[in-house]
Number of protein chains: 2
Amino acid sequence: MNLQSALEFSHTVLSENVGLGDTVVDATVGNGNDTIFFASLVGKTGKVYGFDIQQAAIDQTKQQLLLTGLQAQTTLICDGHENIAQYVHQPIGGAIFNLGYLPGGDKSIITHGVTTLTAIKTLMLLLRRGGTICIVIYYGHPGGEEERESVEQFARQLDQKTYNVLEYQFINQVHTPPRLVVIQKR
Amino acid sequence: MNLQSALEFSHTVLSENVGLGDTVVDATVGNGNDTIFFASLVGKTGKVYGFDIQQAAIDQTKQQLLLTGLQAQTTLICDGHENIAQYVHQPIGGAIFNLGYLPGGDKSIITHGVTTLTAIKTLMLLLRRGGTICIVIYYGHPGGEEERESVEQFARQLDQKTYNVLEYQFINQVHTPPRLVVIQKR
């Protein structure tokens, strides 16, 4: 069986650490795949908050949630993830980021290191023990390297007594497949 | 559930890619844990070749194999893994290395980049499609950094059409927990 891609492995890790009834955050809704994954994982007794600055992403994902019957446990918010603290106030079991631009969307609208780090720090404050944040970093586009470097630099200096920080990446690719950084609260 | 250590994750990956009847190689028998893991995985119809330059490691592992009833499918060889080609002639499903020194043993006896790379290249020639080599790299000891760098440098330049090369590592640790490099033939 093929080694899992960074994205597949993020779902494996989240499946092992997030369960029914958990509150979770999809910090970059995009095409909605992670929102739907999370909504299945936490079930009717859980709660998914999904953030995106593009209304089109929110609208499409809302449609998909209706079709799959997963809308009840999901709240979609058209706002930047740097404002998560205004909306989420309870402990969370997990979160996911897909950094970069929306595939098939406007490539000039990208995530940025500064706002990404604000969002990560906010989520870390809400993280319960064993809670897990997965950051899937696409970085082949202009601005991507800077964001990757700022996320990795932040993650490397986290206190190992409080967090385990894992990096998962394919190292022999000519192009730049996404890397995964996982922050888990011990 | 805690994120898996590099060693635990190597076993997860090998479990997914090696099965009953496979031939596999433990390139650094050491305390015998991986040999026993492999012998269970491939079963009576499979074959494990285990290499170590220290007779004590071979003897202890032989004892453990007898106790667990896994000796039939296992051949232990007291020789350096750079000589694998003299002993193994059939296609293999997987291999594992634990680079560094034998825990609890003589810390001056360590694996070295040059012979490690010879062994890896030999095993790659024997690897069947989907076959997987796991290299668990301990590098906190003198000489460890050089060996890690030479393995990573070799792995990074492998043709992505033929191999997937994954690196799995904890990046916020003060000490130097092992890193895992996985080479999988596509």
Neighbour-count ranking for B:124, B:1 (other C-beta within 10 angstrom, fewest to most) reads B:1, B:124
Past the 26 Å Cα-Cα mark, which pairs from B:47/B:121; B:44/B:161; A:107/B:161; A:62/A:107; A:185/B:161?
B:44/B:161; A:107/B:161; A:185/B:161
Determine which residues of the stretch B:67-83 fall in the zone a paramagnetic label at residue B:44 would reach in this model, i.e. backbone nitrogen under 17 Å from the point 7 Å along Cα→Cβ.
B:67-75
Spin-label zone in the stretch B:1-24 - amide nitrogen under 19 Å from a point set 7 Å from the Cα of residue A:128 along the C-beta vector
B:1-3
Looking for one value pair here: nearest-to-axis residue in chain A (by Cβ) for the rotation onto B, and the distance in whole angstrom.
A:168, 3
Please give the peptides A:24-36, A:68-80 ranked by average Cβ packing (other Cβ atoms within 10 Å per residue), highest first, as a rough proxy for protection.
A:24-36, A:68-80
Let's test the formula: R0 of 25 Å, r as the Cβ-Cβ distance of residue B:12 and residue B:156. What FRET efficiency results, to the nearest 0.05?
0.65
Taking a point 7 Å out from Cα toward Cβ as the label site, list the nm distances between residue A:146 and the same residue in every other copy, smallest first.
4.0
If each DSSP helix of 4+ residues adds -39,500 (n - 2.57) and the sum is divided by the residues in chain A, what number results at 222 nm, nearest 500 deg cm²/dmol?
-10500 deg cm²/dmol
Would you give the gap between the C-alpha center of the stretch B:52-124 and the C-alpha center of the stretch A:1-66, rounded to a whole Å?
43 Å
Per-copy distances of the residue B:75 label point, shortest first, in nm (7 angstrom along Cα→Cβ):
6.5
Computed over the stretch A:6-185: relative contact order in percent, which uses C-alpha pairs under 8 Å that are six or more apart
22 percent
Peptide A:25-33 - average C-beta neighbours from other chains (10 Å radius)
0
By Kyte-Doolittle mean hydropathy of at least 1.6 and Cα axial length of at least 27 Å, which whole DSSP H helices of chain A are selected?
none
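Enter the mean number of other protein chain beta carbons within 10 Å of the beta carbon of each residue in A:155-167, as an integer.
4
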For the stretch A:19-128, just say rounded, prolate or oblate: build the C-alpha gyration tensor, square-root its eigenvalues into a ≥ b ≥ c, call rounded for a/c under 1.5, and beyond that prolate if a/b exceeds b/c, oblate if not.
oblate
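So how do B:101, A:87, B:168 line up by other beta-carbon neighbours within 10 Å, fewest first?
Sorted ascending by nearby Cβ count, the order is A:87, B:101, B:168.
Each value in this text was obtained by applying a stated rule to the coordinates, not by laboratory testing. All values reported here derive from a predicted model rather than from experimental measurement. Every residue, glycine as well, gets a Cβ built from its backbone with ideal geometry; the counts of neighbours run over all protein chains shown.
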